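Since the structure comes first, as structure tokens, the remarks are kept for the end.
No lab work stands behind these numbers, since they all come straight from the coordinates. It should be emphasised that the depicted structure is a prediction, and the values quoted were computed from it without experimental measurement. A quick note on method: Cβ atoms are made from the backbone with ideal geometry, for glycine too, and the neighbour counts reach across all protein chains shown.
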């Protein structure tokens, strides 16, 4: 196995040193891809240049969530194997020109990715973008290692479930200190938490003990926006969109107040209160 | 007291159950993920016992087991002889009990302590040296 030097990038200005962040969780289906897409949009909306890498080789999905599936011509393995230049493989977003996607290969397998080349690719992309965000596949095998190799920060996505917390705990153990993992609690249902039918953010983080980056409530809107391929963070208002924008601000280093999720009052009296102009939290 | 009353009347919520299960499963996970630490702890544990009694190191068994709501460390330590000079007040009679079984309960919780004998005492007779 011979070492391949990363291609020298034509230097037009002082090369950037963008941040490389991996979005991971261990368990599948907790919302890594949705989180990646929304954080990509939220960061791009701040005027930062953002590249998203779908590292889930064999199960390409990020393009769908972003609504870019029809524009994908080349994928990450084409770039890693030198078939096309990086520039040709990057898909520019429809809504925000600050955002680009490097799609995963759909018909290839995870063990076809050369870990060292992947690291070099992320390194190369960091010189061009403020943020390189890597959507990690589920699991802790080679796909995870390849997704993590180029990153130096990690965001772990966890749903308030025993299985998800257990897997995040394992992943955090595997990541070690280098990645300074931060937590996003996803799909929280405040009404259930209130009734004692769901683990609360505090319950989850009493075990994980990670810096809390944000909390995303389980909203039907997210399903609808994903159906349409228009991530909810494209919007500027609404609780869920605001939560993603707040996370982006926190990532960028802004001093944003601690994340909370409002409990939607769904009881009869709650609705009554709302109708009669009762200001509710 | 109020807490106790509330607990008495309120049924366990599913989130409490989830929290409890999570706590236990993670303890078990962390134990299996730190084999060197566990081995060292076993060695230290045996060393402490060996300060007071002569034990059969080859036959010692230390295992972790999930019992009801707690994780327990169960140790089965065959004692060969009791050292005459170590500690005990009545240093006179040499005990010739070759089959003593020690049950150690790690991570004790209030509930567990009430049970006096937790592990089955597997008597493993060994010839006294």
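Per-structure values
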read-out	value
Cα gyration tensor shape of segment A:58-154, rounded if a/c is under 1.5, else prolate or oblate by comparing a/b with b/c	rounded
Residues residue A:153 and residue B:33, FRET efficiency given R0 of 22 Å [Cβ-Cβ distance, rounded to 0.05]	0.40
Segment B:8-71 versus segment A:53-95: alpha-carbon centroid distance in Å	47 Å
Percent of beta bridges antiparallel (DSSP, segment A:80-218, rounded to nearest 5)	20 percent
Candidates A:129, A:144, A:179, ranked by Gaussian network fluctuation over chain A, Cα under 10 Å, top entry	A:179
Separation of alpha-carbon centers, segment A:23-44 and segment A:98-170, rounded to whole Å	10 Å
B:71, A:188 arranged by Cβ crowding within 10 Å, fewest neighbours leading	B:71, A:188
Fewest-first ranking of A:163, A:70, using other Cβ atoms within 10 Å as the exposure measure	A:70, A:163
Label point at residue A:83 placed 7 Å out along Cα→Cβ; residues across segment A:118-139 whose backbone nitrogen lies under 18 Å	A:118, A:121
For q = 0.16 Å⁻¹, Debye-computed log10 I/I(0) when each Cα of chain A counts as one equal scatterer	-1.25
Ranking of A:135, A:130, A:167 by count of other Cβ atoms within 10 Å, fewest first	A:130, A:167, A:135
Over segment A:144-209, relative contact order from alpha-carbon pairs under 8 Å, at least 6 apart, %	37 percent
Mean separation of Cα contacts under 8 Å (6+ apart) over length of segment A:1-155, as relative contact order %	40 percent
Chain lengthening between residue B:24 and residue B:63 when straightened (0.36 nm per residue, less Cα-Cα)	12.5 nm
Length-normalised contact order for chain A - Cα pairs under 8 Å, 6+ apart - percent	23 percent
Rounded if a/c under 1.5, otherwise prolate or oblate - segment A:123-230, Cα gyration tensor axes	oblate
Label-point separation, residue B:16 to residue B:46 (7 Å along Cα→Cβ), nm	4.2 nm
